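Enquirer: Would you mind keeping the following structure in view while I ask a few things?
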Amino acid sequence: MKKFSWFLLFIAIAIHLSGQNFFRENFDTDKKYILLANPTTANLTTVNYLVNNGLLKLNLDEIHFVGVYYENQKYDFAKTREFIEKNGYHHFKLHEFRGNLNENRLFENNIFSEELKFVFQNSSGIIFFGGPDIPPAVYEEQNSLSVVTDTERHYFETTFLFHLLGGFQNENFTPFLEENPEYFITGFCLGMQTMNVATGGTLVQDIPAEIYGAQTDENILQTGKENLHRNYWQNVSNDSKLMGINFHSIRFTEHPFFTRKVNIRKSSTPKVCSSHHQAVKKLGKGMEVTAVSPDGKIVEALAHSTYPHVFAVQFHPEVPALHENREKLKFNPDDEPRTYHKIIGKEGRKFHKKYWKYISKTIKKAGR
């Protein structure tokens, strides 16, 4: 009976781990693999939407996505495995990193270095998604206004990006992209913040308090809609139709990323979907600012000075509701409800389509 119990336990563990060992198993080396950090069901649903609706123009017979994550993250990735199996999404794979990641060794060779290198050498790029605040200790600051809920996720994604790009923290470390400068890396919101921190930059822990000196929700709202990077009306009103985000315009710097690569007019000021309270402060190694908020105080986009396919944005271009009319919501209680699609308008829709067209082209160019 005891042997039978151990057998059942072994079977249970084997089932749990199946489908989460992609780069440990035999895989088709003829395909191109794009990694997805933090592959929650929501993030996979978003990627699927972008592909199915022609925004992310990729041939899924040639390109597959591999979700990568750390076993100690808060999210239960067994849900993702079940989601993939239930929906028959064979273009999504999973790879779990296992072990004890030491927070004091994020910016040097560590327990994951060899495995990270192997995954890098067998993939063509990676996307980092939004999420909660990074522990300030990672960028050598005390926690004053950060709300940290998934420390282990940040350790994993920060060390991965450091291995890819290097940083001021360890000038002797040779980044992986020196081996393959054409590798593709992008991020949204937290993804951009992690890219900056991983390369030795720092963050503003709370925009209203540190940039505008606003401590209460009422004072924050008085700074003006274009200076709000999420919706604080939700804290002072119980209107059920209020959106949790804000839409504000951005403006482009003299950097050629958006004007030459994405092919956007320098004078364009598209509206973007914003949902954050932190921002880039000191720039990381190789990071260059490509877009800012209307008043120029918040960094809205970055690109790498050396590696041509490394760039990120502080906003959320991936949100499906930007690309089609869905639920009508409002920013403040006096607004007329409108869809996100309508709010960003013709200029915003054109910008987002061009941005995804550029990402699609970059993924196709990226090699290994």
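Enquirer: Taking the DSSP beta bridges in the chain as the whole, what percent of them are antiparallel, to the nearest 5?
Expert: Here the antiparallel bridges make up roughly 45 percent for the chain.
Enquirer: Further question on the same structure: Ranked by Cβ crowding within 10 angstrom, fewest neighbours first, how are S144, S268, S293 ordered?
Expert: Sorted ascending by nearby Cβ count, the order is S144, S268, S293.
Enquirer: ³J(HN,Hα) across the stretch 301-308 via Karplus (A = 6.51, B = -1.76, C = 1.60, θ = phi - 60°), whole Hz, x for Gly/Pro?
Expert: My calculation for the stretch 301-308 gives 7, 10, 9, 8, 6, 10, 9, x Hz in order.
Enquirer: Short version: ³J(HN,Hα) in whole Hz for each residue of the stretch 127-142, in order, from phi by Karplus 6.51 cos²θ - 1.76 cosθ + 1.60 (θ = phi - 60°), x for Gly and Pro, what are they?
Expert: 10, 10, 9, x, x, x, 5, 6, x, x, 4, 4, 10, 6, 10, 6
Enquirer: Let a ≥ b ≥ c be the square roots of the eigenvalues of the Cα gyration tensor of the stretch 77-186; is it rounded (a/c under 1.5), or, if not, prolate (a/b larger than b/c) or oblate?
Expert: oblate
Enquirer: Determine the dipole magnitude for the stretch 28-76: charges of +1 sit on the beta-carbon of Lys and Arg, -1 on that of Asp and Glu, nothing else is charged, the reference point is the Cα centre, and the result goes in debye to the nearest 20.
Expert: Using Cβ point charges on Lys, Arg, Asp and Glu, the stretch 28-76 gives about 200 debye.
Enquirer: While we're on this one: Once Lys and Arg get +1 and Asp and Glu get -1 on their Cβ, which of S240, V272, V262 lies farthest toward the positive end of the dipole of the stretch 229-302?
Expert: My answer, from the dipole projection, is V262.
Enquirer: Which of the lysines could be linked to K353 by a straight reach, that is with a Cα gap under 20 Å, when you skip same-chain ones fewer than 8 residues away?
Expert: Hits, sequence-local ones excluded: K57, K261, K266, K271, K342, K361, K364, K365.
Enquirer: Size of the dipole of the stretch 17-158 about the Cα centre, Lys and Arg at +1 and Asp and Glu at -1 on the beta carbon, nothing else charged, in debye to 20?
Expert: That gives the stretch 17-158 a dipole magnitude of about 380 debye.
Enquirer: Okay, moving on. On a C-alpha basis, how far is the centre of the stretch 140-178 from the centre of the stretch 314-368 in Å? Whole number, if you could?
Expert: What the calculation gives is 28 Å, centre to centre.
Enquirer: Per DSSP H run of at least 4 residues, take -39500 (n - 2.57); add these up for the chain, divide by its residues and hand me the 222 nm value, nearest 500 deg cm²/dmol.
Expert: -9000 deg cm²/dmol
Enquirer: Would you mind ranking H277, H154, H90, H309 so that the residue whose beta carbon has the fewest other beta carbons within 10 Å leads the list?
Expert: Lowest to highest Cβ neighbour count: H90, H277, H309, H154.
Enquirer: With an 8 Å Cα cut-off and a minimum separation of 6 or more residues, compute the relative contact order for the chain in percent.
Expert: 17 percent
Enquirer: Another question, if that's okay. Quick one: compute the contact order of the stretch 103-222, relative version, from alpha carbon pairs under 8 angstrom and 6+ residues apart, as a percent.
Expert: Value for the stretch 103-222: 32 percent.
Enquirer: Within a 10 angstrom radius of the beta carbon, how do T186, T194 rank from fewest other beta carbons to most?
Expert: T186, T194
Enquirer: Treating the beta-carbon of each Lys and Arg as +1 and of each Asp and Glu as -1, no other charges, what is the dipole magnitude of the stretch 80-176 about its Cα centre, to the nearest 20 debye?
Expert: 400 debye
Enquirer: With the Cα gyration tensor of the stretch 199-343 giving a ≥ b ≥ c as the square roots of its eigenvalues, does the rule (a/c under 1.5 for rounded; else a/b larger than b/c for prolate; else oblate) give rounded, prolate or oblate?
Expert: In terms of gyration-tensor shape, oblate.
Enquirer: Ok, one more. Consider the candidate values (i) 43; (ii) 49; (iii) 57; state which one is percent of Cα pairs over 27 Å apart computed from the structure displayed.
Expert: After the calculation, the listed value that fits is (ii).
Every number in this text was worked out from the coordinates using simple rules, so none of it is lab data. The shown structure was predicted, so the numbers you read here are calculated from the model rather than taken from an experiment. Heads up, the Cβs are rebuilt from the backbone with ideal geometry, glycines too, and the neighbour counts pull from every protein chain shown.
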